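S.K.: Let me begin by handing over the structure; questions about it come next.
Every number in this text was worked out from the coordinates using simple rules, so none of it is lab data. Note that the coordinates shown come from a computational prediction; the quantities given were computed from them, not determined experimentally. All Cβ positions, glycine included, derive from the backbone under ideal geometry; neighbour counts span all protein chains shown.
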Amino acid sequence: MQAHPLRLSPGDDLRVALEDVLRQVGLQAAFVIQGIGSLSVAQLRFAGNDDPTELRHDLEILTLAGSLSPDGAHLHMSVADPRGQVFGGHVARGCMVRTTAEILLALLPEHRFSREHDSGSGFMELVIRSEPPTQ
């Protein structure tokens, strides 16, 4: 496992930037360990809903975690609005960084993640495979 700190800038799309990281470093698997920062827009899909809900405020990222695969990201995040009200859910594209986002990734060079249909859950679920280290 390799630690990979990352800082996103104002106007970056949080999810898109994280999905791009694997391509940039040439790996097939990573986890987002933690993230903090701020957003101007959050797109969160709440449990049991098919579509994300858009939040537009000065939002603080309280937690951010999930997995990254070549098939895309599976991220969950909690944010607080200016009154301290907290919202959490599945991160969709369109979460726009307001001032910064500071993120710690765990890169897993000896693994390959993919998302495949699971007949038990009915969803695309994480599949983990070991890969021999490249030299």
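S.K.: Do any strands (runs of 3 or more DSSP E) entirely within the range 68-135 hold 3 or more residues that are more than 16 Å from the chain's Cα centre (by Cα), and if so, which? Talk me through it step by step, then tell me what you get.
M.R.: On the way: elements: 72-80, 86-91, 96-107, 111-117, 124-130.
The qualifying strands (runs of 3 or more DSSP E) are 111-117, 124-130.
S.K.: Which residue, of Gly66, Gly35, Gly84, is exposed (fewer than 15 other Cβ atoms within 10 Å of the Cβ) and not hydroxyl-bearing (Ser, Thr, Tyr)?
M.R.: Working: Gly66 fails: exposed (fewer than 15 other Cβ atoms within 10 Å of the Cβ); Gly35 fails: exposed (fewer than 15 other Cβ atoms within 10 Å of the Cβ).
Step by step, each of Gly66, Gly35, Gly84 is checked, and only Gly84 is exposed (fewer than 15 other Cβ atoms within 10 Å of the Cβ) and not hydroxyl-bearing (Ser, Thr, Tyr).
S.K.: Can Ala29 be described as crowded, with 18+ Cβ neighbours inside 10 Å, within 17 Å of Gly94 (Cα to Cα) and of a type in the set (A, V, I, L, M)? Spell out the reasoning first.
M.R.: Values: crowded, with 18+ Cβ neighbours inside 10 Å: yes; within 17 Å of Gly94 (Cα to Cα): no; of a type in the set (A, V, I, L, M): yes.
It is false that Ala29 is crowded, with 18+ Cβ neighbours inside 10 Å, within 17 Å of Gly94 (Cα to Cα) and of a type in the set (A, V, I, L, M).
Let's see how each residue does on (1) touching a residue at least 60 places away in the same chain (Cβ under 8 Å); (2) closer than 26 Å to Ser121 by Cβ; (3) among the hydroxyl-bearing types (Ser, Thr, Tyr):
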site	(1), (2), (3)
Ile33	yes, yes, no
Asp50	no, yes, no
Leu59	no, no, no
Ser69	no, yes, yes
His74	no, yes, no
Val86	no, no, no
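S.K.: Read through the list (1) touching a Lys or Arg at 6+ places or on another chain (Cβ under 9 Å); (2) surrounded by fewer than 15 Cβ atoms within 10 Å (Cβ to Cβ); (3) of a type in the set (Ser, Thr, Tyr), then give the number of the only condition that Ser40 fails.
M.R.: (2)
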